[in-house]
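First comes the structure, then the notes that go with it.
The values are calculated or read from the model by the stated rules, or taken from the named source; none is laboratory data. Given the structure is predicted, the values throughout are model-derived calculations rather than measurements. Cβ placement follows ideal geometry from the backbone for every residue including glycine, while neighbour counts extend to all protein chains displayed. Note: accessible area is taken over every heavy atom of the protein model, side chains too, but ligands, DNA and RNA are not part of it. Shrake-Rupley method; radii C 1.70, N 1.55, O 1.52, S 1.80 Å.
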Amino acid sequence: QSALTQPRSVSGSPGQSVTISCTGTSSDIGGYNFVSWYQQHPGKAPKFMIFDVSKRPSGVPDRFSGSKSGNTASLTISGLQSEDEADYYCCSYAGSSVVFGGGTKLTVL
Amino acid sequence: EVQVVESGGGLVKPGGSLRLSCVASGFTFTNVWMSWVRQAPGKGLEWVGRVKSTGHGGTTDYAAPVKGRFTIFRDESKNTMDLQMNSLKTEDTAVYYCTASEVGATPNYWGQGTLVTVSS
């Protein structure tokens with residue numbers, strides 16, 4: 001199972017919105033509504049921000065939203081804040097396995 | 001409060017074995033799928049394998065790079081999951097995270113990770 005494809009980096013200024021894409025295949029993203037997104041700060045464990053494509057766990061700000069179209073999922077962060085600077089990973093159920101994206105580094109300018 | 005805590009990491013020679021343990025609390029262990037995810041130094045996340053909940057058969061699945069070398073065990077009486085790693089290779093060097101999936105079919109809760117270094 002190949003990794004999902006994410007841009008290596010994105011950036012935005014405080015208050016702006018950014019969108020991170022995650023492209024897979026019909027065997028993972030396109031075949032199931034089990035896409036999640038994780039935020040990872042340096043030296044820390046990942047934290048789950050979105051599950052089941054667009055649902056937010058309790059405690060995650062509504063500035064974070066997820067969506068999916070075909071084989072591509074997206075994470076949008078609105079009203080960027082400095083603490084949003086981190087690595088972001090997408091993840092999809094793929095039947096007998098789970099596959100992660102390569103990660104996207106978000107820089108808040 | 002949800003807690004997931006790994007232990008057992010360390011330095012091991014190529015070809016050697018190591019067993020990691022994970023203890024979880026704060027949710028109904030019997031209902032969740034448990035997984036191991038690893039992260040090599042400076043690299044991204046890589047799914048290692050999982051054990052489904054008892055209600056889903058308690059079966060295991062593994063990523064291709066570790067299949068046949070790694071085995072996951074689940075103990076419902078202790079709320080624990082172990083990862084037995086045999087025939088270790090230098091490319092298995094990584095921080096290993098224990099994760100739990102209470103909602104959805106992908107990891108929700110993560111431990112802090114335990115470092116495994118395979119080196120001569």
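Some points to look at:
- Listed by position, the strands (runs of 3 or more DSSP E) inside the range B:2-101 whose residues that are among the hydroxyl-bearing types (Ser, Thr, Tyr) number at least 3 are B:94-101.
To keep it simple, each residue is scored yes or no on (1) surrounded by fewer than 21 Cβ atoms within 10 Å (Cβ to Cβ); (2) among the aliphatic types (A, V, I, L, M); (3) at pLDDT below 95.
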{"position": "B:PRO14", "(1), (2), (3)": "yes, no, no"}
{"position": "B:ASN31", "(1), (2), (3)": "yes, no, yes"}
{"position": "B:LYS52", "(1), (2), (3)": "yes, no, yes"}
{"position": "B:THR59", "(1), (2), (3)": "yes, no, yes"}
{"position": "B:PHE70", "(1), (2), (3)": "no, no, no"}
{"position": "B:THR90", "(1), (2), (3)": "yes, no, no"}
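- Annotation: of all residues in the range A:84-99 being open to solvent by less than 20 Å² (accessible area, probe 1.4 Å) and more than 8 Å from every other protein chain (Cβ to nearest Cβ), the one that is farthest from A:SER9 (Cα to Cα) is A:GLY95.
- Of all residues in the range A:14-59 being β-branched (Val, Ile, Thr) and farther than 16 Å from A:ASP87 by Cα, the one that is nearest to the other protein chains (Cβ to nearest Cβ): A:VAL35
- When B:ALA94 is tested against (1) touching a residue at least 24 places away in the same chain (Cβ under 8 Å); (2) open to solvent by 30 Å² or more (accessible area, probe 1.4 Å), exactly one condition is not met: (2).
- Residues that are hydrophobic (A, V, I, L, M, F, W, C) and at positive phi, drawn from the range A:50-85: A:VAL53
- Contacts under 8 angstrom Cβ, first residue in the range B:106-120 being within 8 Å of another protein chain (Cβ to nearest Cβ) and outside any strand (DSSP E or B), partner open to solvent by 60 Å² or more (accessible area, probe 1.4 Å) and of a type outside the set (Ser, Thr, Tyr), 6 or more apart: B:THR106/A:PHE34; B:ASN108/B:GLU102; B:GLY111/B:VAL5; B:GLN112/B:VAL5
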